[in-house]
Ligand SMILES: O=C(O)CCC(=O)C(=O)O
């Protein structure tokens, strides 16, 4: 696979996202898929949310239905292998520089015929940093067509003001679909074959509808940042609850390339702190449901 082209880089800078088709080499794609299907199979024995699984409603032994496999890079080495591969590094270094940290990973396994929607949001609303050189890479591990609940993005939203993600004064991790400033009618669907990947900026407005297809929609997400982007204390995020030793160890352990910086680079970025928090902020699904987010996608 070729490095990010200058056209792809300028598309990302203009739109806040870029789709790169057939980006993942076939051999590692097959292994990522096999490990993922095996993890879904193993979830048949699981009856409640755990460190690995976030269960969807209706999950049972006969029909496993997951919202997500949590932090897959900690669950099986193949996810880390692709993260550190030259293929991926050549795509993200032009956007983030030579020093890159993984902040979190997740594998959203939207179950067939209805897996949970993800309401419209900007990732930035959950974890503002000292600058916005942060992005998410979404690796399609299944073919994702229009009816499979693809990611949808609003072009150019990453350069617009930060939108409210509050309901009745509580952070709910979702934009009110009636907020005209969100320009939801401009949405573009990110569809492609397994092995394609998208990159979206941390401030790009995005969401996804339920999966109306017959197969699980498998999307592996790596949340990455420049190593001199420091999380702003008080945000709801994977860093919540870590003391200084834990945070420093976490950052160093999760370097993808280069070194963690102690210099925090401050940019002129818009920030709304995600406070007060909802009652359950353990995942975006729980944040949106317990925060009372208004749905753009529910069919009732
Ligand atoms: O899986 C999806 O469709 C979107 C996931 C997402 O936006 C998130 O987890 O922040």
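The values are calculated or read from the model by the stated rules, or taken from the named source; none is laboratory data. Owing to the predicted nature of the structure, the values given are computational and were not obtained by experimental measurement. Cβ atoms come from the backbone with ideal geometry, glycine included; neighbour counts cover every protein chain shown.
Miscellaneous remarks
- Single condition residue 98 does not satisfy, out of (1) within 30 Å of residue 233 (Cα to Cα); (2) at pLDDT 95 or above; (3) crowded, with 17+ Cβ neighbours inside 10 Å: (3)
- Criterion violated by residue 64 - all others in (1) exposed (fewer than 15 other Cβ atoms within 10 Å of the Cβ); (2) modelled with pLDDT under 95; (3) out of contact with any strand residue (DSSP E or B) (no Cβ under 7 Å at 6 or more places or on another chain) satisfied: (1)
- Residue list for region 65-103, restricted to those being touching a residue at least 40 places away in the same chain (Cβ under 8 Å) and on the phi > 0 side of the Ramachandran plot: 97
- When each of 235, 229 is tested for being in contact (Cβ under 8 Å) with a residue 40 or more places away in the chain, more than 15 Å from the ligand (Cβ to nearest atom) and in a loop (DSSP other than H, G, I, E, B), the lone residue that passes is 229.
- Counting only strands (runs of 3 or more DSSP E) that sit completely within region 110-216, those holding 3 or more residues that are within 12 Å of the ligand (Cβ to nearest atom) correspond to 118-121, 134-140, 151-153, 206-208.
- Filter result (over 20 Å from residue 220 (Cα atoms) and out of contact with any strand residue (DSSP E or B) (no Cβ under 9 Å at 6 or more places or on another chain)) within region 11-43: 14
- Filter result for residue 203 (under 21 Å from residue 70 (Cα atoms), crowded, with 17+ Cβ neighbours inside 10 Å and either in contact with a helix residue (DSSP H, G or I) (Cβ under 7 Å, 6 or more places away or on another chain) or in contact (Cβ under 8 Å) with a residue 24 or more places away in the chain (or both)): no
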